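Chemist: So that we are looking at the same thing, I have put the structure below in structure tokens.
Please treat every number below as a calculation from the coordinates, not as lab data. Everything numeric here is computed off the predicted structure, so don't read it as measured data.
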Amino acid sequence: MTSMSISLRQIRYLVAVADHQSFRKAATALNVSQPAMTAQIQLLEQSLDGLVLTRSRRGVTPTALGEAVIAKARGILAEVEGLRALGAAAAARPLRLGVIPTIAPYLGPDVVDLGTAYAAEGLELIEGRTGELVSALRTGTLDAALLALPQSGVLGRDLETAIAFAEPFYALLPQADPLAASGEVSVEALADRPLLLLEEGHCLADQALSLCDDGQLRAPMRAASLSTLARLVGRGRGVTLLPAMAVAVESHLGDGTVVRRLPDPAPGRTIGIVWRKGATGERCWRRLAQGLARLKPDVEGGIVAALPMAAE
């Protein structure tokens, strides 16, 4: 048998000739010249080392080999159309963006609004912890994820990153705590207070624990959400750290709490969007990161205006 490749074009031409029982009619239907179609069928026959079609006064008829090949060819073309349908469906669906729980309640509505402008079919937000979202990215369950990035700014060589903005942490204290009298609270001053943290698996908890690793803070209690932590602080159970975007919401939920700055350089986190290299939607994710960056002054401006001035 001659070793030659068989192309989809040859398969499509063969099926068209079989359907129309005529080279001329098949060529017209596919908008190609009859000689070009004939040449491709001949190449197919060379690859198969046998005739697939015979011509007579009654038209074109398949040989026994041709009947078998045409049956297979129809199945191949159906599979190809199925693949195209999958691609069309993927392009028509909303892009799936994972968001960590310490971002979703505060930026989620803004992300959806921006997604309407940047993604043709909009965005579908899926909330989850960092590890879960990164795994879903790599398996294709998610198109991108909005995360707090590691200090290196890189989660893996297989992933692309667009940084949106960096935000500082603020201390949330019980109103009765003596530290609440000052406009600024150092990490060292918090050392003898119980530090309330999110459950393991939340990147914000890991970032706060990095302060504990330096022996500066202790962490006796954990909770599932920042809202729960704020309420615990209001009951005098300890102190916690809030990212800037959460301050306006959570400081009101925790009755009897106050928010204070941490001195520069204040600990904080960097927010960014991550997606698989080569995946669709890169332009959308970069534009979304830029749109989120423009929101930062509004978020922090409201916080700074509401805080007491640090002592000179």
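Chemist: Extent of the range 8-91 along each principal axis, from alpha carbon coordinates, in Å, largest to smallest?
Modeler: Principal axes ranked by extent give 47, 25, 20 Å for the Cα atoms.
Chemist: Another question, if that's okay. Enter the Cα centre distance for the pair the range 245-281 and the range 35-58, rounded to the nearest angstrom.
Modeler: Cα centroid of the range 245-281 versus Cα centroid of the range 35-58: 67 Å apart.
Chemist: Tell me which residues come under 5 Å, amide H to amide H, from Ser7 once H is placed; ignore anything under 5 positions away on its chain.
Modeler: HN-HN under 5 Å from Ser7: empty list.
Chemist: Looking at the range 12-165, I'd like the Rg to Rh ratio, where Rg is from alpha-carbon atoms and Rh is Kirkwood's inverse mean 1/r. Show your work: numbers first, answer last.
Modeler: Details: Rg = 25.9 Å, Rh = 20.0 Å.
Over the Cα atoms of the range 12-165, Rg/Rh equals 1.30.
Chemist: Can you list the HN-Hα couplings for the range 50-58, worked out from phi with the Karplus curve (6.51, -1.76, 1.60; θ = phi - 60°), rounded to whole Hz and with x for Gly and Pro?
Modeler: Ordered by residue, 3J(HN,Hα) equals x, 6, 10, 9, 10, 9, 8, 5, 7 Hz.
Chemist: Report ³J(HN,Hα) in whole Hz for each residue of the range 104-117, in order, from the Karplus equation J = 6.51 cos²θ - 1.76 cosθ + 1.60 where θ = phi - 60°; Gly and Pro get x.
Modeler: So the Karplus estimates, Gly and Pro as x, are 3, x, 9, 10, x, x, 5, 4, 4, 4, 5, x, 4, 7 Hz.
Chemist: Another question, if that's okay. Provide the per-residue ³J(HN,Hα) series for the range 185-195, in order, calculated from phi with Karplus coefficients 6.51, -1.76, 1.60 and θ = phi - 60°, each as a whole number of Hz, with x at glycine and proline positions.
Modeler: These are the phi-based 3J(HN,Hα) values: 10, 7, 4, 4, 5, 8, 4, 9, 9, x, 9 Hz.
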